[in-house]
Amino acid sequence: MIQENQTLPENLPAHIAVIMDGNGRWAQARGLPRSAGHRAGAEAVRIVVTECRSLGIRHLTLYAFSSENWNRPKAEISALFSLLLEFLRQEVPLMEEKGIALKVLGDLDGLPLPQRTALRHAMSRTAHGREMILNLALNYGGRAELVRAVQSFLREGASPEMVTEKSLAARLYTRDQPDPDLLIRTSGEQRLSNYLLYQCAYSELYFTPTLWPDFGVAQLHEALAAYAARSRRFGKTQEQINVS
Ligand code: FPP
């Protein structure tokens, strides 16, 4: 177990993506409503964003609301969206101060008006941030993102030759950002759940049984140590890696 004050590895990921799972189970274990789990989850978001910023992680992408999450009970959806507004109200001034630019991955137009407006405002207010990009995946689905990219090619009348890995990546919500080096999923589930399907082609996957509200600085450091111990080969042999 890595302690918070232990030395961190040198090769930190440039981009961490997180599937924040387990809020409901965290609440259930305490006899609390699911919304209390999401509130505790929002607190974990604050802690993890702050720590990543201090460590110099340049990109952090959090799965806050998937396109499938619309299937949840109305009251839970509404609690999640209220938390989002609260989070933005509290955090945007701090993000601005700390040089953190907020971006949204997903279909912004499909979100309720107050959240859409607050997100647009937050994005423009933090746009000049150069220290870190915080991507919130909201109303996001990886397959829908790919369909949208293909539609944009067709709309432009692109020829088959114009469709390349590079031009496709430029049509994704993450354009201009590196692919995630590390994907963390909490709560013991080991699935991608339609998250960053194209971008995670070579990401290191890290699964932890910790429920998201219990995920803090020590758990993040533990994930970073596990990442540093991995050998990333991108399809090459270990010998090829050793000589390069
Ligand atoms: C999964 O836990 C979590 C979500 C669907 C939403 C993530 C939201 C937050 C962490 C809080 C709000 C975020 C921001 C940015 C303010 P689950 O409910 O599926 O947990 P379960 O699998 O235990 O039921």
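Identify, please: which residue in segment 28-41 is within 8 Å of the ligand (Cβ to nearest atom) and in contact (Cβ under 8 Å) with a residue 60 or more places away in the chain and is, among those, farthest from the chain's Cα centre (by Cα)? Let's see the steps before the verdict.
Initially, segment 28-41 is screened for residues within 8 Å of the ligand (Cβ to nearest atom), giving 28, 34, 37-39, 41.
When the remaining residues are screened for being in contact (Cβ under 8 Å) with a residue 60 or more places away in the chain, the result is 37, 41.
Details: 37: 18, 41: 14 Å.
Only one residue fits best here, namely 37.
Residue 50 - would you say it is within 15 Å of residue 134 (Cα to Cα), among the β-branched types (Val, Ile, Thr) and within 12 Å of the ligand (Cβ to nearest atom)? If you could, list the steps in order and put the result at the bottom.
Working: within 15 Å of residue 134 (Cα to Cα): yes; among the β-branched types (Val, Ile, Thr): yes; within 12 Å of the ligand (Cβ to nearest atom): no.
The answer is no for residue 50.
Which members of segment 5-27 meet the condition of being more than 16 Å from the ligand (Cβ to nearest atom) and either of a type outside the set (Ser, Thr, Tyr) or under 12 Å from the mean Cα position of the chain (by Cα) (or both)?
Step one: list which residues in segment 5-27 are more than 16 Å from the ligand (Cβ to nearest atom), which gives 5-15.
Answer for segment 5-27, where residues must be more than 16 Å from the ligand (Cβ to nearest atom) and either of a type outside the set (Ser, Thr, Tyr) or under 12 Å from the mean Cα position of the chain (by Cα) (or both): 5, 6, 8, 9, 10, 11, 12, 13, 14, 15.
Taking segment 93-113 as the region of interest, how many residues are crowded, with 19+ Cβ neighbours inside 10 Å and at negative phi?
Pass one, segment 93-113, residues crowded, with 19+ Cβ neighbours inside 10 Å: 95, 100-106, 111.
With the extra rule that they be at negative phi, the set shrinks to 95, 100-105, 111.
The total comes to 8.
Give segment 56-85 a look and list any residue that's surrounded by fewer than 17 Cβ atoms within 10 Å (Cβ to Cβ) and among the aliphatic types (A, V, I, L, M), or say none.
Hits for segment 56-85 are 75, 77, 85.
Of the conditions (1) in contact (Cβ under 8 Å) with a residue 12 or more places away in the chain; (2) away from the ligand (no atom under 12 Å from the Cβ), residue 91 clears all except one; give me its number.
Result: residue 91 passes all but (2).
In segment 56-87, which residues are near the ligand (Cβ under 8 Å from one of its atoms) and either without any contact (Cβ under 8 Å) to a residue 40 or more places away in the chain or part of a helix (DSSP H, G or I) (or both)? First the steps, then the outcome.
Here is the first cut: in segment 56-87, the residues near the ligand (Cβ under 8 Å from one of its atoms) are 62-66, 69, 72, 76, 80, 83-84, 86-87.
The answer is 69, 72, 76, 80, 83, 84, 86, 87.
In this structure, does residue 44 turn out to be farther than 19 Å from residue 119 by Cβ, near the ligand (Cβ under 9 Å from one of its atoms), in a helix (DSSP H, G or I) and within 16 Å of the chain's Cα centre (by Cα)?
Details: farther than 19 Å from residue 119 by Cβ: yes; near the ligand (Cβ under 9 Å from one of its atoms): yes; in a helix (DSSP H, G or I): yes; within 16 Å of the chain's Cα centre (by Cα): yes.
Yes.
Laboratory data are not the source of any read-out in this text; all were calculated from the coordinates shown. Owing to the predicted nature of the structure, the values given are computational and were not obtained by experimental measurement. A quick note on method: Cβ atoms are made from the backbone with ideal geometry, for glycine too, and the neighbour counts reach across all protein chains shown.
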